Amino acid sequence: MSDGDVVRDASQEAGEAASSSRRYFLIQATSAVGAVGAVGAAWPFVMYWTPSAKARALGAPVRVDVSKLAPGEMLSPIVAWRGKPIFIVARDKATIDALKVDTAELADPDSVNPEQQPDFAANAWRSERPEIGVYLGICTHLGCSPKHVVSNNFEDTGQGGFFCPCHGSKFDLAGRVVKGVPAPDNLEVPPYRFESDSVIIIG
Ligand code: FES
C-alpha cells in the first residue's frame, strides 16, 4: 500500500465520521423540535382539562358555623355551595318527634329514592343529627327556591316546612315532599359532615 492510499483512507474515514456526526445532530435536533411541537400542540388541551382556580373554588367544600342557630330557625343569610342555596334548619325535640310520626301525607317518608340523600340521611329527619337539617334549597319540580315556613302553612302537620311559591309544592321540615304536589321528590341532601358540634363542612 502506498502513502497516497493511507492518506486517502484516513481522509475518507474522517469524512464519514463528520457526516455521521452531522446525521446524528440532525436527528437529535428534529426530535427535539418534534417534542416541543407536540407539547405546544397538546398545551391547549391540557389547559382545557385543568380546572381554573374559580372552578375549583366553586366546587370546594363550604365551612358553616351554626353555633347561633336556634331551634325553629333557618340559617340566614343562606349559604351557597356549588352556586346552589343550602338550607340549614335547627329543630326542637317536638319537631324531631313529629317527623317520625307525621308521615301519612308524604310521598316518600322513608327516603326510598337514593338519589336524594347520602346514606347517612335516609332516616325520618333526613340528616346526620336530628336537631340540624341540611338541604339543597331547590324545588325538585322545576328548580325554584322554596321558602322556609316556620309554622302553620304546612297545614297537614302544623310543624312548618318549606313551601315553593312557583307551583305550590310543599315539603316538611326534613325536606320530604307532600303527596299530590308538582314536585316529584324530596329536597336533595348535599354531602356534609360535622367538623364539631357547631361547624358543618358541606361538600
Ligand atoms: S318549581 Fe317548585 S312547585 Fe314548581
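The values are calculated or read from the model by the stated rules, or taken from the named source; none is laboratory data. This structure is a prediction, so every number in the text was calculated from the model and none was measured. Note: ideal-geometry Cβ built from the backbone for every residue, glycine included; neighbour counts use all protein chains shown. For accessibility, only protein heavy atoms count, side chains too; no ligands or nucleic acids. Shrake-Rupley method; radii C 1.70, N 1.55, O 1.52, S 1.80 Å.
Per-structure values
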item: Pick from segment 103-142, criterion aliphatic (A, V, I, L, M), over 14 Å from Phe171 (Cα atoms) and in a loop (DSSP other than H, G, I, E, B), ranking: most open to solvent (accessible area, probe 1.4 Å); result: Leu142
item: Residue list for segment 183-199, filter: in a strand (DSSP E or B) and either surrounded by fewer than 23 Cβ atoms within 10 Å (Cβ to Cβ) or near the ligand (Cβ under 10 Å from one of its atoms) (or both); result: Arg193, Phe194, Val199
item: Meets criteria (part of a strand (DSSP E or B) and within 16 Å of the ligand (Cβ to nearest atom)) for His148; result: yes
item: Hey, Ser76 hydroxyl-bearing (Ser, Thr, Tyr), assigned by TED's automatic domain parsing to the domain that holds Pro190, without any contact (Cβ under 8 Å) to a residue 12 or more places away in the chain and open to solvent by 40 Å² or more (accessible area, probe 1.4 Å) or not; result: yes
item: Residues of segment 91-126 classified as under 22 Å from the mean Cα position of the chain (by Cα) and touching a residue at least 12 places away in the same chain (Cβ under 8 Å), total; result: 9
item: Answer residue from segment 81-102, given it is outside any helix (DSSP H, G or I) and open to solvent by 60 Å² or more (accessible area, probe 1.4 Å) and is farthest from Leu58 (Cα to Cα) among those; result: Asp92
item: Any hit, segment 172-182, residues being within 22 Å of Arg63 (Cβ to Cβ), at pLDDT 95 or above and surrounded by fewer than 18 Cβ atoms within 10 Å (Cβ to Cβ); result: no
